[in-house]
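> For reference, the structure I am asking about is given below.
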Amino acid sequence: MLKGQLPLVGLTGGIGSGKTAVSDGLAKLGAGIVDTDLIAHQITAPQGSAIPLIQKQFGAEFIDPSGALDRVKMRSLVFADPAARKSLEAITHPLIKQETIRQAQHLKQEGVPYLVFVVPLLVESGSWKPLLDYLVVVDCPEETQIERVMHRSKLPRNEVERILKAQASRAERLACADIVIENQGTLAELGAEVLNLHQKILQIQKDRSSSS
Ligand code: ATP
């Protein structure tokens, strides 16, 4: 529906690799950002569109007193029960897709030069790659990911390692990448990489419009 007009860029990377840091930098440069992780949080926040469906399917005990999904309870259920995970995804995935398309169309109407879809599990899902023109992978050593997430989310090392193990490996992600953003230096160095990426995508867009 969107393909063939403005460049569609997927942005992925393992937990704590720096996807948000990169997408924030691109947003400042004028890119249109659709963050599917943010959407997943919004639909499960108080008054979120997934809440009534989750309550019906799983019971009121999975909704916390604020009206949001009880993430801790749901995480432990779906970790132990693959069928429950499927039921949850059957509720959330179509709603995330619908909101992703809505935001992308809105940004397109606003005249952004390209769209960036931030998708944490893009390589794992398989369904995104054919929809995109370019896949950008934010990369850093696993030890750096672990240290950042322990520091940011105040999680113990074994919990971060468990999350890392459930995701695609660094090598699997790199094998899918069209463009790799190295994020093992300072945030200032990342800023320079982001500017470079932005210019590269603008050039692709220019080449595309001059050849059509
Ligand atoms: P998640 O998958 O958990 O959403 P993410 O890939 O979006 O993570 P960020 O949130 O951008 O990663 O970064 C994780 C943490 O590491 C943040 O606290 C961020 O400020 C910090 N960080 C990212 N890049 C750097 C860097 N180059 N130097 C120092 N800190 C960094």
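> Quick one: in segment 115-149, of everything that is open to solvent by less than 60 Å² (accessible area, probe 1.4 Å) and within 10 Å of the ligand (Cβ to nearest atom), which residue is farthest from the chain's Cα centre (by Cα)?
Per the criteria, the residue is Thr144.
> Mind telling me which of the residues Ile181, Ile163 ends up being in contact (Cβ under 8 Å) with a residue 12 or more places away in the chain, surrounded by fewer than 18 Cβ atoms within 10 Å (Cβ to Cβ), in the same structural domain as Gly16 (by TED's automatic domain parsing) and within 11 Å of the ligand (Cβ to nearest atom)? If you could, list the steps in order and put the result at the bottom.
Details: Ile181 fails: surrounded by fewer than 18 Cβ atoms within 10 Å (Cβ to Cβ).
The match here is Ile163.
> Among the residues of segment 184-201, which ones are hydrophobic (A, V, I, L, M, F, W, C) and open to solvent by 50 Å² or more (accessible area, probe 1.4 Å)?
So in segment 184-201, the residues hydrophobic (A, V, I, L, M, F, W, C) come out as 187-188, 190, 192, 194-195, 197, 201.
Scanning segment 184-201 gives Leu187, Ala188, Ala192, Leu195.
> Can you spot a residue in segment 99-114 that is aromatic (Phe, Trp, Tyr) and open to solvent by less than 20 Å² (accessible area, probe 1.4 Å)? Give the steps one after another, and end with the answer.
So in segment 99-114, the residues aromatic (Phe, Trp, Tyr) come out as 114.
If we keep only those that are open to solvent by less than 20 Å² (accessible area, probe 1.4 Å) too, we end up with 114.
Yes, that holds for at least one residue.
> Just checking, which of Ser76, Ser17, Ser87, Ser23 is in a helix (DSSP H, G or I) and either of a type in the set (Val, Ile, Thr) or within 16 Å of the ligand (Cβ to nearest atom) (or both)? Outline the logic, then answer.
On the way: Ser76 fails: either of a type in the set (Val, Ile, Thr) or within 16 Å of the ligand (Cβ to nearest atom) (or both); Ser17 fails: in a helix (DSSP H, G or I); Ser87 fails: either of a type in the set (Val, Ile, Thr) or within 16 Å of the ligand (Cβ to nearest atom) (or both).
Result of the check over Ser76, Ser17, Ser87, Ser23: Ser23.
> Among what's in segment 55-83 and is open to solvent by less than 60 Å² (accessible area, probe 1.4 Å) and either at positive phi or within 22 Å of the chain's Cα centre (by Cα) (or both), pick the residue that is modelled with the lowest pLDDT.
Val78
> What residue, among those in segment 167-195 that are out of contact with any strand residue (DSSP E or B) (no Cβ under 9 Å at 6 or more places or on another chain) and assigned to a helix (DSSP H, G or I), is farthest from Thr144 (Cα to Cα)?
Leu195
> Turning to a different aspect of this structure: Within the bounds of segment 5-12, is there any residue that is open to solvent by 60 Å² or more (accessible area, probe 1.4 Å) and away from the ligand (no atom under 16 Å from the Cβ)? Break it down stepwise before answering.
Taking segment 5-12 first, the residues open to solvent by 60 Å² or more (accessible area, probe 1.4 Å) are 5.
From what is left, the residues that are away from the ligand (no atom under 16 Å from the Cβ) are 5.
Yes, there is a match, as at least one residue in segment 5-12 is open to solvent by 60 Å² or more (accessible area, probe 1.4 Å) and away from the ligand (no atom under 16 Å from the Cβ).
> Let me ask something else about it. Only one of (1) outside any loop (DSSP other than H, G, I, E, B); (2) at positive phi fails for Gly30. Which number is that?
All conditions pass for Gly30, except number (1).
The values are calculated or read from the model by the stated rules, or taken from the named source; none is laboratory data. Since this is a predicted model, take the numbers as computed values, not measurements. Cβ: placed from backbone, ideal geometry, glycine included. Neighbour counts: every protein chain shown. The area values use the complete protein model at the heavy-atom level, side chains included, leaving out ligands, DNA and RNA. Shrake-Rupley method; radii C 1.70, N 1.55, O 1.52, S 1.80 Å.
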